[in-house]
Amino acid sequence: MAKGSFGGRRRELEEQFFLERDKALLEALREKTASKERRESLRDASGITDEALLDRLESQEINAETLAALCLIPLIEVAWADGDVDAKERQAVLEAAEAKGLEADHPGHELLRQWLARKPDAQLLTAWKDYVGTLSQTLDPSAMDALKTDLMVRARAVAETAGGLLGFGNKVSKSEQAMLDELENAFG
C-alpha cells in the first residue's frame with residue numbers, strides 16, 4: 001500500500017469522526033435549547049418558578065400544552081385507587097376534562113387517555129401536590145377554596161361512578177375514600 005493512500009484514508013476517517021461528533025454536539029445543543037424553551041413556556045403558562053417542581057413536571061411530560069391535564073390528576077388517581085379503571089370512571093374523567101375545555105384533539109386530553117390506559121408514576125401525584133402548594137402561595141384563600149371545592153366534587157363524582165352493588169350501598173370504596181382524603185389534605 002502506498003504511503004499517500006494511508007494518509008488520505010486517515011484524513012477521511014478523521015473527517016468522518018469529527019463530522020459525527022459535530023452532529024452529536026449540534027443535536028445536544030438543539031435539545032438543550034428546546035428543553036429550555038419548553039421550561040420557559042411551562043413557567044409562563046403555570047407561574048411556577050420553583051426549578052425542582054419544573055423538573056418534576058417535565059419528567060412527567062407536563063408542558064405548557066398539557067398543563068391543563070395536571071389539574072385533573074386527582075381524578076386519575078381516584079379512578080386508579082382500586083387498582084384498575086373501569087369504563088364508567090374513564091368516561092367520567094374524560095367528561096370532566098371536556099367540561100374544563102380539554103377537547104378530544106387537545107394534547108392534554110391525549111395525556112389523560114394515556115394515564116387512564118396505564119397507571120401513572122407515583123411522582124405525578126407528588127408533582128400535583130407540589131403544584132397545589134405553589135398555587136396556595138399565589139391564590140387568595142377564596143380562589144383556593146373554590147379550586148378545592150370544584151376539584152373535590154369532580155373527584156368524588158369519579159369515585160361514585162362505579163361504586164355500589166346494583167345502585168345500592170356505599171358508592172365509594174375504602175381505597176377511593178383514602179385517595180379523596182389524601183387529595184383534600186394536599187390543600188392544607
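The values are calculated or read from the model by the stated rules, or taken from the named source; none is laboratory data. Computed from a prediction, not measured in an experiment: that's the story for all the values here. Here the Cβ is made from the backbone with ideal geometry for all residues, glycine too, and neighbour counts use every protein chain on show.
Numbers at a glance
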read-out: Complete set of residues in the range 34-92 that are polar (S, T, N, Q) and surrounded by fewer than 16 Cβ atoms within 10 Å (Cβ to Cβ); value: SER35, SER41, THR49, SER59, GLN91
read-out: Residues within the range 134-143 that are surrounded by 13 or more Cβ atoms within 10 Å (Cβ to Cβ) and either out of contact with any helix residue (DSSP H, G or I) (no Cβ under 8 Å at 6 or more places or on another chain) or closer than 30 Å to LYS88 by Cβ (or both), tallied; value: 1
read-out: Search result, residues across the range 51-65 that are of a type outside the set (Asp, Glu) and assigned to a helix (DSSP H, G or I); value: ALA52, LEU53, LEU54, ARG56, LEU57, SER59
read-out: Residues being touching a helix residue (DSSP H, G or I) at 6+ places or on another chain (Cβ under 7 Å), in a helix (DSSP H, G or I) and touching a residue at least 40 places away in the same chain (Cβ under 8 Å) - total across the range 173-188; value: 5
read-out: Condition broken by TYR131, with the remaining ones in (1) under 24 Å from ASP50 (Cβ atoms); (2) modelled with pLDDT of 90 or more; (3) aromatic (Phe, Trp, Tyr) satisfied; value: (2)
read-out: Residues being charged (D, E, K, R) and over 16 Å from the mean Cα position of the chain (by Cα) - total across the range 101-121; value: 2
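Quick grid of which residues meet (1) more than 15 Å from LEU72 (Cα to Cα); (2) exposed (fewer than 13 other Cβ atoms within 10 Å of the Cβ):
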{"position": "HIS109", "(1), (2)": "no, no"}
{"position": "THR161", "(1), (2)": "yes, no"}
{"position": "LYS174", "(1), (2)": "yes, yes"}
{"position": "ASP181", "(1), (2)": "yes, yes"}
